[in-house]
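The values are calculated or read from the model by the stated rules, or taken from the named source; none is laboratory data. If you're wondering where the values come from, they're calculated on a predicted model, not measured in any experiment. Neighbour counts run over all protein chains shown; Cβ positions are idealised from the backbone, glycine included. Quick note on the areas: whole protein, heavy atoms, side chains included, nothing else; ligands and nucleic acids left out. Shrake-Rupley method; radii C 1.70, N 1.55, O 1.52, S 1.80 Å.
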Amino acid sequence: NSNLTATYVLTQEDINAGNVTNSIQVQGTLNGNTVQNDYTNTIALSLSDGIKLNAFLDSNNNGIQDGTEQNINVGDFSYQINNGSIHNVTSSNGMLYLYESDPSNNYNVGFTLNGLFSSNYSVTPSSYTNLTVGSGTGVSTYNFAVTALPFNDISAFIVPLSQPRPGFTYGQIIYVSNNGNQPIASGTLTFTHDPALTISSISVSGTTPITNGFTYDFGTILPNQYIWVYVYMTVPTIPSVSLGQILSNS
């Protein structure tokens, strides 16, 4: 029979987000036991005017997001209201909406590349200044055209298919991945297994045996593509190996 009332004052951050979340937690007792009830509710604010920050991969370098060009999340958005504190926001989809109800507020906005990608991409423009949102003007979009700089990035890693057991065969998958934006014309994969093991089969042909392993010459790998090689190895029986022994493959 209890009535609970709480008051929350909207902030500029709530207005920029376009919504506010209410949450309440009530605890009581029932037959001597503690009971708890949680409730959360997100309320969309009735706002129709604002700014949309939009970062996209400009594949043809024309500064316009064409129909096939996707948004990209390789950096952080920033905004500053009335030359106050700078707010940095990471967006998973390359877009950020800032709603506004006061036409007198002034915005400086920008997009900064993540340090991991700063040598792989450029952004133009990187900022806009002195933006205002007029009443009834709707949402205005400000684009940040991200251009890929040519770079090569190739990686190799191993994924176990099972755990090694004495007297049994176990497998691993070797992946070679092109993480850059340029084709990898060719390369050589070198796999070395633990001296205690013996290779029983390899999923690709054309490998060259070496001591405790093999090499494999591969052809073109396009950006965002990868090749994989299954390797199966036989584990000797005890006492040639012992329980708890570490086997290292590279």
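Points worth noting:
- Accessible area, probe 1.4 Å, largest first, for residues 233, 95: 95, 233
- Protein-only accessible surface order, largest first, of 232, 128 at 1.4 Å: 232, 128
- Just the protein heavy atoms count here, and of the accessible area of the chain at 1.4 Å, carbon and sulfur take up 49 percent.
- Directionally averaged shadow of the stretch 66-163, computed from the convex hull of its alpha-carbon atoms, nm²: 10.3 nm²
- Identified option (computed Cα Rg over 2.2 N^0.38 Å; candidates [x] 1.59; [y] 0.98; [z] 1.37): [x]
- GNM top mover of 213, 84, 32 - the chain, alpha-carbon springs below 10 Å: 32
- Fully extended contour minus Cα-Cα distance, from residue 210 to residue 26, at 0.36 nm per residue: 59.4 nm
- Rounded to the nearest 20, the Cβ-based charge dipole of the chain about its Cα centre (Lys and Arg +1, Asp and Glu -1) stands at 680 debye.
- Those residues of the stretch 186-210 whose amide nitrogen sits under 11 Å from the label point placed on residue 161, 7 Å along Cα→Cβ: 200-204
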